[in-house]
Amino acid sequence: LNTPSLSTLVQSTFNNRGFILISTLLCGAVMTAILISIILFTGTVQNAQAAKDLLDGKLLGTIPHEKRMSIWLKGPHRSKKSLNVTSATVSFDFAESVHRIAENFERERAAGKKVFLFTSVSETEGKSTVALNVALSLSMKKTRVLFLDLDLRRPVQARNLGISLPTKQELGTLLNNNVPPKKILNNAVACQGTSMYALLSQKSYPNAAELIASKCLSELLQFTRAFFDYIIIDLPPVGYFSEGEAMLDQADGAVLVVRQDVVPAAV
């Protein structure tokens with residue numbers, strides 16, 4: 001018998017390292033192309049220029065992302081401090097961007113406008129944070145500001161201001177009970193260190209749409225125009241609820257807060 005003439009060593013010329021490198025590059029190129037196409041064709045707002053091009057309205061300004069400071073409390077619970085321009089913990093860029101936006105409302109006030117609505121298309125776009133900070137910024141200039149938390153489905157402003165109030169003093173309860181405007185205003189909370197008064201709620205109201213469209217609220221807005229320079233109103237998202245449309249006739253202006261790359265502009 002003859003000895004085998006075939007080599008027992010691996011003779012494959014396949015280049016594993018090169019194959020892996022080429023595959024990685026191709027996958028990266030495909031993923032990049034997909035991401036670019038998503039950005040280009042979903043129509044979300046990516047920057048200030050896109051806001052001007054895609055949105056039908058005046059751009060009041062942009063606010064940089066600001067991380068909320070976490071505070072470790074006793075126990076396993078972690079809370080976050082609210083982003084308020086009156087706090088020394090917010091960054092200079094955040095505070096200045098809010099003050100620049102507030103200057104737009106000073107010009108509107110010179111034209112006789114007082115009542116301004118704040119809303120967004122969806123939740124978590126920052127409309128409550130922007131509304132509160134614009135109100136605080138205006139009040140820091142010693143102008144009389146009334147702030148209304150009319151997002152009665154998910155009120156958060158009492159927590160943002162660090163205020164706790166009894167149910168009978170909540171704005172939703174007062175509107176439910178058809179309390180006269182003067183008595184409602186007597187329940188407004190004075191915000192320390194500012195010239196701002198706030199009418200707030202803490203619990204959710206299932207009949208929120210009815211309260212917004214009520215005669216009681218309409219009379220309240222007419223009554224308070226004589227006592228305040230600005231009336232700033234936080235409303236629920238217009239993409240989900242109808243309160244924003246119901247309030248348009250009673251306001252002098254409306255602000256749509258848009259978070260970068262969240263909701264398509266066509267919506």
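For this structure, a couple of remarks:
- Verdict on K182 being charged (D, E, K, R) and in contact (Cβ under 8 Å) with a residue 40 or more places away in the chain: yes
Matching residues to (1) touching an Asp or Glu at 6+ places or on another chain (Cβ under 9 Å); (2) farther than 22 Å from V263 by Cβ; (3) of a type in the set (V, I, T):
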| residue | (1), (2), (3) |
| --- | --- |
| D93 | yes, yes, no |
| K113 | yes, yes, no |
| L132 | yes, no, no |
| L136 | no, yes, no |
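- Residue in the range 95-103 that is open to solvent by 30 Å² or more (accessible area, probe 1.4 Å), within 26 Å of T173 (Cβ to Cβ) and not aliphatic (A, V, I, L, M) present: no
- Residue that is least open to solvent (accessible area, probe 1.4 Å), among those in the range 225-267 that are of a type in the set (F, W, Y) and modelled with pLDDT under 90: F241
- Number of the condition not met by C191 [criteria: (1) over 19 Å from L138 (Cα atoms); (2) modelled with pLDDT under 90]: (1)
- Test for K127: is it open to solvent by 60 Å² or more (accessible area, probe 1.4 Å), of a type in the set (D, E, K, R) and at pLDDT below 95: no
- Residues being small (G, A, S) and under 15 Å from F105 (Cβ atoms) - total across the range 121-171: 4
- Looking only at residues of the range 80-119 that are touching a strand residue (DSSP E or B) at 6+ places or on another chain (Cβ under 7 Å) and farther than 19 Å from F147 by Cα, we find that the one that is modelled with the highest pLDDT is K81.
- Entry remark, the range 161-212: residues being closer than 21 Å to G244 by Cβ and among the β-branched types (V, I, T) number 1 in total.
- The range 120-142 residues that are closer than 10 Å to D234 by Cα, paired with ones that are in a loop (DSSP other than H, G, I, E, B) and small (G, A, S) (beta carbon under 7 Å, 6 or more apart): K127/S120
The values are calculated or read from the model by the stated rules, or taken from the named source; none is laboratory data. Everything numeric in this text was worked out from a predicted model, so none of it was measured. Cβ atoms come from the backbone with ideal geometry, glycine included; neighbour counts cover every protein chain shown. Only protein heavy atoms, including side chains, enter the accessible area calculation; ligands, DNA and RNA are left aside. Shrake-Rupley method; radii C 1.70, N 1.55, O 1.52, S 1.80 Å.
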